[in-house]
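Visitor: I am attaching a structure below and will ask some questions about it afterwards.
The values are calculated or read from the model by the stated rules, or taken from the named source; none is laboratory data. From a predicted model like this one, the values you see are computed outputs, not experimental measurements. Neighbour counts run over all protein chains shown; Cβ positions are idealised from the backbone, glycine included. The area values use the complete protein model at the heavy-atom level, side chains included, leaving out ligands, DNA and RNA. Shrake-Rupley method; radii C 1.70, N 1.55, O 1.52, S 1.80 Å.
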Amino acid sequence: MAADSRTSTAGLVLGRVARPLAAALAVAGVAVLLHLDVPRTAGSVAGASAARLDSAPPVRAAKGPCVLRADRLVLRGARFRGVVSVHTGGGTVRALKFTVRSLDAVNLDLTAGRGRAAMRLRARPATTSTLKGQGAGGVATLYVRKLTGRVTGLGGSPLPARRTVTVTPDAVPRWLAHPATRAATRTITLAEATASQLTQFGGRLSIRGPQLRTTAQGRHGA
């Protein structure tokens, strides 16, 4: 009976985190697997410390903003597909399109939604959150309105002279847009990275030790 009570408590914790987060991240089409810091006890159900937030890939881009920040962002098996037009609830916008085999974000900080309804999710400090491609060919597709950071790795290729970058549909650097680099996949690493207006298709993001709050709580230091 005690074991059932502990399992039920864990389920309630997962529910309190999962429901508001699922609503916020559905805006950006982000499917998430959370690994919560719920104490494991004898008799607890295996896997009770993980919550799945699966959402079907949207047929169009995000309905609201989703901003991903990380101390280090590593795009593995990455290929830049160019600047494309994406349909949103507010009209057609231009975005950078990438496909990746996986994406690692160290010290992830993710905000989804807007205004008082926005939700902020931060991973446990010193952890790496991973987005793994599960679409066709085992890749995920990313659409980003703006990507900023400091380039620290290009899969063995020479680093650009100007390593601090702001990449937008109107400002695509040569090291990213050159036909020779667009034709092949590689690993792209950015430090102090921010991906704004992010939408993804065909991937699942795994986060350990998530801390969830509304942006209103963040402003008041709750």
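Visitor: Give me the three principal axis extents of region 93-222 from the C-alpha atoms, as integers in angstrom, largest value leading.
Guide: Projected onto its principal axes, the Cα set of region 93-222 covers 48, 32, 31 Å.
Visitor: Here's something else I'd like to know. Please report the projected area of region 168-217's Cα convex hull averaged over all directions, in nm².
Guide: 6.2
Visitor: What distance in nm separates the simple spin-label points at GLU192 and SER85, each placed 7 Å from Cα in the Cβ direction?
Guide: For GLU192 paired with SER85, the spin-label model returns 3.7 nm.
Visitor: Now for a different question. I'd like the distance separating the alpha-carbon centroids of region 151-192 and region 80-145, in whole Å.
Guide: Centre-to-centre distance over Cα atoms comes out at 18 Å.
Visitor: Related question: Of all the accessible heavy-atom surface of region 65-125, with the other protein chains kept in place and a 1.4 Å probe, what percent is carbon and sulfur?
Guide: Answer for region 65-125 is 45 percent, counting heavy atoms of protein chains only.
Visitor: Pop the C-beta distance of SER157 and ARG114 into the FRET formula with R0 = 45 Å and round what comes out to the nearest 0.05.
Guide: The pair SER157/ARG114 has a calculated efficiency of 0.75.
Visitor: First obtain the Kirkwood hydrodynamic radius of region 117-161 from its Cα pairs, then insert it into the Stokes-Einstein equation at 10 °C and 1.306 mPa s, and state the resulting D in µm² per second as a whole number.
Guide: The estimated diffusion coefficient comes to 109 µm²/s.
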